Amino acid sequence: MPIATVNPANGETLRTFDELGADGIERCLATAASAFRRYRTTDLPERARLMSRAADLLEEDQDAIARTMTTEMGKPLAAARAEAAKCVKAMRWYAGHAEILLADEFPSETEVKDSGAAHARVRYRPLGVVLAVMPWNFPLWQVTRFAAPALMAGNVGLLKHASNVPQTALYLEDLFRRAGYPEGCFQTLLVGSRAVEGILRDPRVAAATLTGSEPAGRSVAAIAGDEIKKTVLELGGSDPYVVLPSADLDRAVSTAVTARVQNNGQSCIAAKRFIVHTRVYDDFAERFTARMAALTVGDPMADTTDVGPLASEQGRADLEELVDDAVRRGATVLCGGSRPEGLERGWFYEPTVLAGITPGMRIHREEAFGPVATLYRVGGLDEAVELANDTPFGLSSNVWTRDREEQERFARDIEAGGVFFNGMTASHPALPFGGVKRSGYGRELAGHGIREFCNVTTVWHGADPDAS
């Protein structure tokens, strides 16, 4: 895949970039290793100052970088502005909290004594150069939620971004440079996927984090496992959105639309499978379908647009295959199901609702990465839990019920990294983010995220037998 900015709203190639060669990769690796040796001893107040400066610059650049993101991957401009603002918030959060999150931990006096020590503590030290393999769907946020904690922990970063968002990738390197970070603390590598293995196997790279597809995650995990290097993986998701009889149906319907079409439906944590109790199914289905059908599809730069194009022509083709397979096998199209008229030049697809989904349909097991929702009718709580878990993924989940016992049941039994009651799944810097099963492992954000790429070090001092 060429490294290029291709506008998904019209298919035009706007800029192309030369791929970094072997000599260029070597220079970046050497620079990163040298930077880590210096930066690792930078004190936390100075790291916080640098991160806060990066946040200030990003806030100033918000409108410009939002337009770049929209041009490169097609998200509505308002959503791109919100993504930039979210990155500013995360940077400031880590600048303000890292010192507490990374503070030495001290066992009790009894525990110290039992260990035979005079003193003992746990210290969080940085691992080194971390390779980040990042996707195009949230081209600024996905990187920031790695970079902010990793840099605050004293690591340095190498970014291999998706090949269709090169300008956003280069902006991030420039942002940290302008913020005053030492040379080599954060570098963008304009390379294709074939270069990842060699970079990851290089002994100067200590660890890797990947957000992306299941095949990409398998590949990086296999290479890192062979090299015995730490990884964090955030892969696909097919999140359930469960609606039970006690739900506030007005809010459940309204939120369901946003939860399905956020980022043009191209979000791992977007609600995708709508599991509705039979007592409220007909009402929910009618209102949800009407709202999905009423969404405005069009130019992502226009403030009136709800849903822009998919990021790539291949992505749309993959989505069409899932929908067509479901229809051939008996699914009912309640709205959408095709390319919208009048938007032939771009990679647009109508907001779509499918009902009558059965386990034999591909869309029941595979992630639909676009504005396509599947509806399921269930007769009770046990059936809802079973269906919610009937997926190879386990990223997050949404459950609408005001019944405390039902909430406790889902909190106990849902196989996912998050359970969101009476609201939409979202990421926040203060809350850990990640999944189970084929959605990956490890956690980003919060204290869990900043410690993922730390050497958790036991510091033990033996008692001095000559001390009085």
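The values are calculated or read from the model by the stated rules, or taken from the named source; none is laboratory data. Predicted, not measured: the structure shown is a model, and the values here were computed from it. Ideal geometry is used to build each Cβ from the backbone, glycine not excepted, and the neighbour counts take in all protein chains shown.
Being over 30 Å from Arg339 (Cβ atoms), among the β-branched types (Val, Ile, Thr) and in contact with a strand residue (DSSP E or B) (Cβ under 7 Å, 6 or more places away or on another chain) is a property that Val372 lacks. Report whether or not Glu19 is outside any helix (DSSP H, G or I) and either of a type outside the set (A, V, I, L, M, F, W, C) or not assigned by TED's automatic domain parsing to the domain that holds Val196 (or both). Answer is yes for this residue.
Screening region 184-229 for residues that are surrounded by fewer than 17 Cβ atoms within 10 Å (Cβ to Cβ) and under 21 Å from the mean Cα position of the chain (by Cα) and picking the one that is farthest from Gly442 (Cα to Cα) gives Gly192.
Whenever a residue of region 187-198 is touching a residue at least 24 places away in the same chain (Cβ under 8 Å) and at positive phi, it has no partner that is in a helix (DSSP H, G or I) and of a type in the set (Val, Ile, Thr) lying with C-beta atoms less than 7 angstrom away and at least six residues away or across chains.
Check region 257-269 and report whether any residue there is in a strand (DSSP E or B) and assigned by TED's automatic domain parsing to the domain that holds Thr358. Looking for residues that are in a strand (DSSP E or B) and assigned by TED's automatic domain parsing to the domain that holds Thr358, one finds none in region 257-269, hence no. Val243 meets the conditions (1) assigned by TED's automatic domain parsing to the domain that holds Gly157; (2) buried (at least 23 other Cβ atoms within 10 Å of the Cβ); (3) over 20 Å from Phe36 (Cα atoms) in every case but one. The failed one is (1).
For region 422-444, taking the residues that are within 20 Å of Asn389 (Cα to Cα) and basic (Lys, Arg), the one that is surrounded by the most Cβ atoms within 10 Å (Cβ to Cβ) is identified as Arg438.
Does at least one position in region 164-175 carry a residue that is surrounded by fewer than 22 Cβ atoms within 10 Å (Cβ to Cβ), out of contact with any Asp or Glu (no Cβ under 9 Å at 6 or more places or on another chain) and in contact (Cβ under 8 Å) with a residue 12 or more places away in the chain? Checked region 164-175: at least one residue is surrounded by fewer than 22 Cβ atoms within 10 Å (Cβ to Cβ), out of contact with any Asp or Glu (no Cβ under 9 Å at 6 or more places or on another chain) and in contact (Cβ under 8 Å) with a residue 12 or more places away in the chain. Take the residues in region 296-310 that are out of contact with any Gly (no Cβ under 6 Å at 6 or more places or on another chain) and touching a residue at least 60 places away in the same chain (Cβ under 8 Å); name whichever of them is surrounded by the most Cβ atoms within 10 Å (Cβ to Cβ). Checked region 296-310; the qualifying residue surrounded by the most Cβ atoms within 10 Å (Cβ to Cβ) is Val307. Suppose the filter is surrounded by 17 or more Cβ atoms within 10 Å (Cβ to Cβ) and in contact with a helix residue (DSSP H, G or I) (Cβ under 7 Å, 6 or more places away or on another chain); does Cys87 pass it? Yes. Counting only helices (runs of 4 or more DSSP H) that fall entirely inside region 136-253 and contain at least 1 residues that are under 30 Å from Ala294 (Cα atoms), the qualifying elements are 141-152. Determine whether region 322-332 contains at least one residue that is closer than 25 Å to Ala9 by Cα, in contact with a Pro (Cβ under 7 Å, 6 or more places away or on another chain) and surrounded by 20 or more Cβ atoms within 10 Å (Cβ to Cβ). No - not one qualifying residue is present in region 322-332.
Any residue at all in region 403-413 that's of a type outside the set (Lys, Arg), farther than 30 Å from Ser312 by Cα, surrounded by 18 or more Cβ atoms within 10 Å (Cβ to Cβ) and in contact (Cβ under 8 Å) with a residue 40 or more places away in the chain? Yes, region 403-413 contains a residue that is of a type outside the set (Lys, Arg), farther than 30 Å from Ser312 by Cα, surrounded by 18 or more Cβ atoms within 10 Å (Cβ to Cβ) and in contact (Cβ under 8 Å) with a residue 40 or more places away in the chain. Residues in region 372-414 that are among the aliphatic types (A, V, I, L, M) and in contact with a Cys (Cβ under 9 Å, 6 or more places away or on another chain): Leu395 alone. Residues satisfying the criterion are absent from region 219-231 (criterion: modelled with pLDDT of 95 or more, closer than 23 Å to Val165 by Cα and in contact with a His (Cβ under 9 Å, 6 or more places away or on another chain)).
The set of residues in region 272-304 that are over 20 Å from Met69 (Cβ atoms) and of a type in the set (A, V, I, L, M, F, W, C) comprises Phe274, Ile275, Val276, Val280, Phe284, Ala285, Phe288, Ala290, Met292, Ala293, Ala294, Leu295. Taken together, Arg273, Arg287, Arg279, Arg316 contain a single residue that is touching a helix residue (DSSP H, G or I) at 6+ places or on another chain (Cβ under 8 Å) and either free of Cβ contacts under 8 Å to residues at least 60 places away in the same chain or part of a helix (DSSP H, G or I) (or both), which is Arg287.
Among residues that are in contact with a Ser or Thr (Cβ under 7 Å, 6 or more places away or on another chain) and either assigned by TED's automatic domain parsing to the domain that holds Ile357 or under 21 Å from Ala224 (Cβ atoms) (or both), Gly440 is not included.
Matching residues to (1) within 18 Å of the chain's Cα centre (by Cα); (2) not aromatic (Phe, Trp, Tyr):
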| residue | (1), (2) |
| --- | --- |
| Tyr39 | no, no |
| Ala55 | no, yes |
| Arg67 | no, yes |
| Thr70 | yes, yes |
| Ala78 | no, yes |
| Met91 | yes, yes |
| Ala98 | no, yes |
| Glu105 | no, yes |
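Report yes if Asp466 is outside the structural domain of Pro215 (by TED's automatic domain parsing) and either modelled with pLDDT under 95 or in contact with a Cys (Cβ under 6 Å, 6 or more places away or on another chain) (or both), otherwise no. Against the criterion (outside the structural domain of Pro215 (by TED's automatic domain parsing) and either modelled with pLDDT under 95 or in contact with a Cys (Cβ under 6 Å, 6 or more places away or on another chain) (or both)), Asp466 qualifies.
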